[in-house]
Amino acid sequence: MKKQPKLLYYAYPLALLLLLSCQRETLENGDLRLLELEAIELNPTAYAIEKVIPLETTSANLLGDYLTVKFSEKACFVFDESARDAIHRYDLNGKYLGRFIEIGDGPNRIESVNDFIPTPEGLEILSVKGDRSTIIQLDRNGEMTGQLTLDYYGTSFAKLPGGYYAASGSYNLPFVENRLAIIDEQGKTVKTFLPNTHALLPMQEKNFYAANGSVFFHEIYNNRTYQILEDSLAPSYQFDFGTYRIPERFFEMDWMAGFEMLSQQGFAVISQHWESEKKAFFGVDVQADGERKNHQIILDKRDLQAKKRIASTRDLAAFYHPVGVFDEFLVFIAQAPDYLKLEADQLPDDSPMVQEGDNPVLLFVDF
């Protein structure tokens, strides 16, 4: 068996990992829309919150700060990236429906959760153990209905409309020679994209977002975003990070010297990308002056005009963690103390009461 790399997760508490991020893809003119981060106008208006859904708090579901949230048509699934003990299920009013699946040894448990996607049938989970990546298929009751072992070392995945999967192994050379693979329903790789050319620190990230029948893809080391089709990868946007672009010489330097250089200069990486019919949303994490800020860029696809808001743990903290689009609303997950700091005029008239020690709330905003 191949020796398994020690993987690091790109998650909020591991801001240090961002120091290895880069944008090695060269900027090329063509049909891509180029977005210059520092030239995008700040939007002075606050987000218009249309709906607030508190996630019910019980002794069995106390949630931390670093959460992955995904929606089906009838439920919301939450995975605590720090506890990593279960996927929790809520209805669309925030009522707790229990632990959909638990992680660990024993019956009715799975070994690990690296990524997951809601499906009409229930849930599909990407579980990585050793050098093996497996997709576990669960029905609406959390019972296993199928299992698919992949011939590709994927650590993040999405399901394409035709039934195939897209999987990413990130920059884990030599364990993956290509950063993106299309995989058929038997677990076999049918096409690959984005060759790995540099051996970097092994890591994992969540690369995909699916909405309205489309699958969007981004990478932490890449200044481009993409849309994945059944048998092709289509670049859609690219960023010029200006001052925050990591210089090429970083990759020739001693690691500690490079660390010091980046700490002084600051740097930027793409952390989110999804689209609705009329708008595109990009989250760009900028690490500078010892603080990480999330630049939230909203592009109007009709006139190609973009504006941004900047959230941090100190400013706009309730909007620091965007999680996706649902019913054409942009959704954030906000910790209860941050929600309680919002002004009354920012909230809908029927906003629920929340205590400081409660679970987070979901904020649905126009965008």
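The values are calculated or read from the model by the stated rules, or taken from the named source; none is laboratory data. Please read these numbers as outputs of a predicted model, since none were measured by experiment. Glycine gets a Cβ as well: all are built from the backbone with ideal geometry, and neighbour counts include every protein chain shown. Just so you know, the surface numbers come from the protein's heavy atoms only, side chains and all, with ligands and any DNA or RNA stripped out. Shrake-Rupley method; radii C 1.70, N 1.55, O 1.52, S 1.80 Å.
Quick notes on this structure:
- Cβ-defined net charge surrounding residue 101, 10 Å radius [Lys, Arg +1; Asp, Glu -1]: +1
- Cα gyration tensor shape for segment 212-367, rounded if a/c is under 1.5, else prolate or oblate: oblate
- Cα gyration tensor shape for segment 143-285, rounded if a/c is under 1.5, else prolate or oblate: oblate
- Eligible lysines near residue 307 by straight Cα distance, threshold 17 Å, same-chain separation 8 or greater: 278, 279, 293
- Environment charge of residue 272, counting only residues whose C-beta is closer than 10 Å and scoring Lys/Arg +1, Asp/Glu -1: 0
- Using the Cβ of residue 261 as centre and a radius below 11 Å, the other residues enclosed give a net charge of -1, where K and R count +1 and D and E count -1.
- Kirkwood Rh in Å, taken over segment 217-301 so that all alpha-carbon pairs contribute: 14.2 Å
- Summed over the residues of the chain and divided among them, the accessible surface reaches 46 Å² per residue at a probe radius of 1.4 Å.
- Per residue convex hull volume, Cα atoms of the chain, in Å³: 145 Å³
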